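So the structure is just underneath, and the comments pick up after that.
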Amino acid sequence: MRSSIKSAVLSRKGWLMLLAVTVLSAVSMKANQAEIKSAISQKKSINMTGGKTAIQDKRVTLESLIEEALDRNLKIKTQENHWESSKLKIPQAGAWMDPKLNISIMNFPYSDFTFSSEPMTMKQISLTQTFPFPGINSLKERVAEEESETEAYMVSDTRNSVVRGVSIAYYDLFFIDKSIEITLKNKRLLNEYIINTSKKYEVGNGLQQDVFKAQVAFSKLLDKLISLRKRREAITARLNSLLNRPMTDTVGELSDIKHEQAALDAQSLQSIAVANRPMLQALGTTVDRNRTAYELALKQNFPEFGIGLVYGQRDNRRDFFTVQFSVGLPLWKNRKQDKKIDESVSNISAAESMYEDSRTTIYGQIGELVALLEESDERLELLKNVIIPQATQSLISATSAYQVNRIDFLTLLNNQITLFDFEVDYFRLLTEYKKNLSNLEYVVGQSLTN
């Protein structure tokens with residue numbers, strides 16, 4: 001009696017389990033069919049416009065995004081405007097002071113208010129011009145030119161920074177897309193596991209907990225897909241900001257990226273950075289500018305000169321013509337000119353220290369990035385050529401063994417999760433390699449691949 005009741009209860013549980021699995025499978029199959037239909041419709045439209053070439057045209061390339069960013073990015077436009085403004089300061093710096101025109105009435109009698117009653121009453125007009133000591137204006141112009149050169153280098157550094165930002169966002173998106181692709185593939189496999197474990201459980205060859213394990217793993221993948229899709233939205237917003245696009249714009253399917261090894265000799269890269277990094281060159285021109293400012297401060301110890309021409313007109317008498325000459329007296333030299341020289345010396349020391357500090361920092365960044373790239377390069381080769389093929393064979397073997405009840409379901413599931421993790425790790429390492437390479441190219445100031 002008890003055995004028959006127990007059998008009935010087990011049978012009822014089995015039918016409930018089968019019903020749940022059937023519903024879950026139907027929902028999953030419906031979603032997969034929708035995805036397949038969407039892909040087929042896209043493929044048909046692409047084929048109608050030119051087949052394989054059109055497919056490539058539909059994909060977003062890193063080069064096209066960089067070109068768009070260089071044309072539209074607001075930081076670049078702002079820095080370019082600063083540069084244009086600095087160029088306009090050069091002729092201003094080398095110009096003389098404006099001449100002064102003075103008009104006056106001299107010795108006018110207030111008793112009768114006439115111009116002819118007193119012989120010294122006259123109407124005067126004068127023109128005066130101040131001249132800097134020879135060489136001062138040319139030095140001022142050199143200072144302005146070197147400041148403009150610094151701004152030009154900063155434009156280049158800003159452009160390189162934007163290129164790096166776009167590249168990193170592109171590689172982040174690529175990793176997310178590959179993770180979604182791998183997750184969807186594993187989702188389909190787990191759906192098959194759910195069906196197979198349910199069938200084995202129904203015929204008494206499997207365990208109910210195997211069904212539950214497969215369902216839990218399936219649900220975890222659904223959770224991962226939600227996280228990945230939201231991360232893609234966040235990265236897309238970051239990329240839109242660099243491209244000066246509306247935040248609601250989407251980014252389509254990305255072109256594939258390849259693992260390209262770069263020349264990674266740290267000593268050679270240091271020489272390249274010194275010669276090509278715009279930020280370092282800007283600091284070098286700042287040192288030059290401060291040295292020129294020091295020469296200017298020394299010149300400003302010499303006085304300015306002034307020349308004036310005065311014409312005096314008198315009624316019914318002869319007119320007067322006067323020539324004036326003036327020279328500045330450096331009475332406050334200790335508080336003004338000498339302090340300016342001391343200031344220039346301090347500015348030179350500060351600029352040289354900043355240059356050396358930046359160069360040392362760049363050398364350290366190069367060493368760190370080279371080590372990370374070499375590590376990623378070795379691990380990529382190991383994953384691609386050894387670990388992933390071994391994990392794939394292990395999963396194939398485990399699948400065959402599970403079908404004939406030689407291993408339990410947990411072993412099969414662990415093999416599947418292990419392969420999933422290795423595949424995701426490969427694309428994580430690939431994109432990390434690309435991002436670190438972008439950082440290194442920014443640090444040294446030039447591209448390191450073909």
Taking interchain pairs and intrachain pairs at least six residues apart, which have beta carbon atoms under 6 angstrom, with the first residue in region 433-450 and under 19 Å from ALA282 (Cβ atoms) and the second part of a loop (DSSP other than H, G, I, E, B)? GLU441/SER447; GLU441/LEU448; GLY445/ARG277
Can you pull out the residues in region 310-354 that are touching a residue at least 24 places away in the same chain (Cβ under 8 Å), touching a Leu at 6+ places or on another chain (Cβ under 9 Å), surrounded by fewer than 14 Cβ atoms within 10 Å (Cβ to Cβ) and not polar (S, T, N, Q)? MET354
So, in region 110-139, exactly how many residues are part of a loop (DSSP other than H, G, I, E, B) and either within 25 Å of ILE90 (Cα to Cα) or of a type outside the set (A, V, I, L, M, F, W, C) (or both)? 13
GLU68 fails exactly one of the following numbered conditions: (1) buried (at least 16 other Cβ atoms within 10 Å of the Cβ); (2) of a type in the set (D, E, K, R); (3) in contact with a helix residue (DSSP H, G or I) (Cβ under 8 Å, 6 or more places away or on another chain). What is the number of that condition? (1)
Among the residues of region 261-272, is any touching a Lys or Arg at 6+ places or on another chain (Cβ under 8 Å), assigned to a loop (DSSP other than H, G, I, E, B) and surrounded by 13 or more Cβ atoms within 10 Å (Cβ to Cβ)? no
Residue check: is VAL424 under 30 Å from VAL162 (Cβ atoms) and in the same structural domain as TYR170 (by TED's automatic domain parsing)? yes
What tally of residues in region 220-260 results from selecting those that are surrounded by 14 or more Cβ atoms within 10 Å (Cβ to Cβ), among the polar types (S, T, N, Q) and not in a loop (DSSP other than H, G, I, E, B)? 3
Selected residue [at pLDDT below 90, out of contact with any Gly (no Cβ under 9 Å at 6 or more places or on another chain) and assigned by TED's automatic domain parsing to the domain that holds PHE108] from ALA262, ALA237: ALA262
From the residues in region 275-307 that are part of a helix (DSSP H, G or I) and β-branched (Val, Ile, Thr), which one is nearest to PRO132 (Cα to Cα)? THR292
Of the listed residues (THR411, THR361, THR392, THR431), the one being exposed (fewer than 15 other Cβ atoms within 10 Å of the Cβ) and within 26 Å of the chain's Cα centre (by Cα) is THR361
Filter result for ASN334 (assigned to a loop (DSSP other than H, G, I, E, B) and within 21 Å of ALA293 (Cα to Cα)): yes
Does LEU127 fit the bill of being among the aliphatic types (A, V, I, L, M), exposed (fewer than 12 other Cβ atoms within 10 Å of the Cβ), farther than 30 Å from VAL162 by Cβ and touching a strand residue (DSSP E or B) at 6+ places or on another chain (Cβ under 7 Å)? no
Looking at GLU368, GLU441, GLU378, GLU423, which is the one that is of a type in the set (Asp, Glu), out of contact with any Leu (no Cβ under 8 Å at 6 or more places or on another chain), in a helix (DSSP H, G or I) and crowded, with 16+ Cβ neighbours inside 10 Å? GLU423
Single match in ALA214, ALA266 (criterion: in contact (Cβ under 8 Å) with a residue 12 or more places away in the chain, closer than 30 Å to TYR153 by Cβ and either in contact with a helix residue (DSSP H, G or I) (Cβ under 9 Å, 6 or more places away or on another chain) or of a type in the set (A, V, I, L, M) (or both)): ALA266
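The values are calculated or read from the model by the stated rules, or taken from the named source; none is laboratory data. None of the values given here were measured: they were computed from a predicted structure. As a convention, Cβ positions derive from the backbone with ideal geometry for all residues, glycine included, and neighbour counts pool all protein chains shown.
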